[in-house]
Amino acid sequence: MIITDTHTHLYSEEFDQDRAEMMQRAIQNGVTRFFIPAIDSTYTQTMYDLEKNYPDHVFLMMGLHPTYVKENFLEELLHVENQLARKKFYAIGEIGIDLYWDKTTLDLQVAAFKHQIQLAKQYKLPIVIHCRDAFDEIFKVLDSEKSEDLFGIFHCFSGTYEQALQAISYNMKLGIGGVVTFKNGKIDQFLNRIDLKHIVLETDSPYLAPIPYRGKRNESSYIINVVNKLAEIYNVSADEIARVTTENSKAIFGI
């Protein structure tokens, strides 16, 4: 069983004490493909180090996270452009809009989001969208950018059935992680109405650990709990969930 974690912050400081052991646990559980979203320029070197240490397993994205869009965001976007010009990445992400922490930067976030979508089209890469309290704003941008070369993943999808259909209409897969195991997560109530071809797996580790680890540090090996929950929801085997979602990830990332 090959499992793909399409969104994991393995460079996080929370793994500094036991990163090698954490990676080994994941690989032993069949999680052999890790896609790493960027946040801002301060983490770039740590991401490169991670890729160097696990060249067969770790695949990097490049981008500016919406909660890190500040007054210096043009400098950060220039950093993104410079990195894209120097090496291969597998997606532009994570990018998007987050109005949970700060609504005052909405205009800057929209500008950064649109700019990075253009970079994705230029490099023929998928986008990985971060959306928090901002479905309407995200959909408005995607409407304006909709085209055959716009595709990617709606990371940590936690919306309604109708919002899921709308996200899919923009050539987006739904990134499903620990939230699907939560009693109040709600997406488990309609997910079986969404064809499995639209789903990819993720952990967003070290955040959003699934039941029974909720509230603790998340790690990629815990994705098996998400696999098992989806197997229950879709009434198929865990192997089938792993197989289809990994194929879906290959369709997005090209490997």
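The values are calculated or read from the model by the stated rules, or taken from the named source; none is laboratory data. Just so it is clear, the model here is predicted, and its values are computed rather than measured. Because the Cβ atoms are built from the backbone with ideal geometry, glycine has one as well, and the counts that use them run over all protein chains shown. The accessibility values were calculated without ligands, DNA or RNA, using every heavy atom of the protein model including side chains. Shrake-Rupley method; radii C 1.70, N 1.55, O 1.52, S 1.80 Å.
So that you can scan it fast, the table gives a plain yes or no per residue for (1) at pLDDT 95 or above; (2) small (Gly, Ala, Ser); (3) over 21 Å from VAL179 (Cα atoms):
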residue: LEU60; (1), (2), (3): yes, no, yes
residue: THR67; (1), (2), (3): yes, no, no
residue: PHE73; (1), (2), (3): yes, no, yes
residue: GLU94; (1), (2), (3): yes, no, no
residue: ALA112; (1), (2), (3): yes, yes, yes
residue: ALA120; (1), (2), (3): yes, yes, yes
residue: CYS131; (1), (2), (3): yes, no, no
residue: ALA134; (1), (2), (3): yes, yes, no
residue: LYS146; (1), (2), (3): no, no, yes
- Residue pairs meeting the criteria (Cβ under 6 Å; at least 6 apart or on separate chains; first of a type in the set (A, V, I, L, M, F, W, C), in region 239-255; second in a loop (DSSP other than H, G, I, E, B)): ALA242/MET1; ILE252/PRO126; PHE253/TYR90
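State which residue is farthest from LYS250 (Cα to Cα) when the search covers only region 168-178 and only residues that are open to solvent by 20 Å² or more (accessible area, probe 1.4 Å) and of a type outside the set (Gly, Ala, Ser).
Kept after step one, since they are open to solvent by 20 Å² or more (accessible area, probe 1.4 Å), are these residues of region 168-178: 168-169, 171, 173.
Now drop any that are not of a type outside the set (Gly, Ala, Ser), which leaves 168, 171, 173.
Values: ILE168: 17, ASN171: 14, LYS173: 12 Å.
Top of the filtered list is ILE168.
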- Query: Of all residues in region 128-152, which are in contact with a helix residue (DSSP H, G or I) (Cβ under 6 Å, 6 or more places away or on another chain) and touching a residue at least 40 places away in the same chain (Cβ under 8 Å)?
  - Reply: HIS130, VAL141
- Task: Being free of Cβ contacts under 8 Å to residues at least 24 places away in the same chain and not small (Gly, Ala, Ser) is the filter here, so list the residues in region 167-182 that pass it.
- Result: ASN171
- Note on the structure: Checked pairs for region 187-199, first in a helix (DSSP H, G or I), second open to solvent by 20 Å² or more (accessible area, probe 1.4 Å) and of a type in the set (D, E, K, R), C-beta under 8 Å and 6 or more apart or across chains, list as ASP188/LYS229; HIS198/LYS173
- Note on the structure: Among (1) part of a helix (DSSP H, G or I); (2) in contact (Cβ under 8 Å) with a residue 40 or more places away in the chain, ALA164 falls short only on (2)
- Answer with yes or no whether VAL141 is of a type in the set (A, V, I, L, M) and part of a strand (DSSP E or B). no
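Which of the residues belonging to region 66-106 are part of a loop (DSSP other than H, G, I, E, B), closer than 23 Å to PHE35 by Cβ and open to solvent by 20 Å² or more (accessible area, probe 1.4 Å)?
Correct list: LYS87, LYS88, TYR90.
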- Message: Please go through region 138-165 and give me each residue that is aliphatic (A, V, I, L, M) and open to solvent by 50 Å² or more (accessible area, probe 1.4 Å), ordered by number.
- Response: LEU165
- Verdict on ALA231 being in contact with an Asp or Glu (Cβ under 8 Å, 6 or more places away or on another chain), free of Cβ contacts under 8 Å to residues at least 40 places away in the same chain and either outside any loop (DSSP other than H, G, I, E, B) or polar (S, T, N, Q) (or both): yes
- Task: Residue by residue through region 193-207, note down the ones that are open to solvent by 60 Å² or more (accessible area, probe 1.4 Å) and closer than 19 Å to ARG33 by Cβ.
- Result: LYS197
- Assuming TYR222 fulfils every condition listed in (1) closer than 20 Å to ILE27 by Cα; (2) open to solvent by less than 20 Å² (accessible area, probe 1.4 Å); (3) not β-branched (Val, Ile, Thr) apart from one, which condition is it? (2)
- Message: Being open to solvent by less than 10 Å² (accessible area, probe 1.4 Å), at negative phi and in contact (Cβ under 8 Å) with a residue 24 or more places away in the chain: is that true of GLN116 here?
- Response: yes
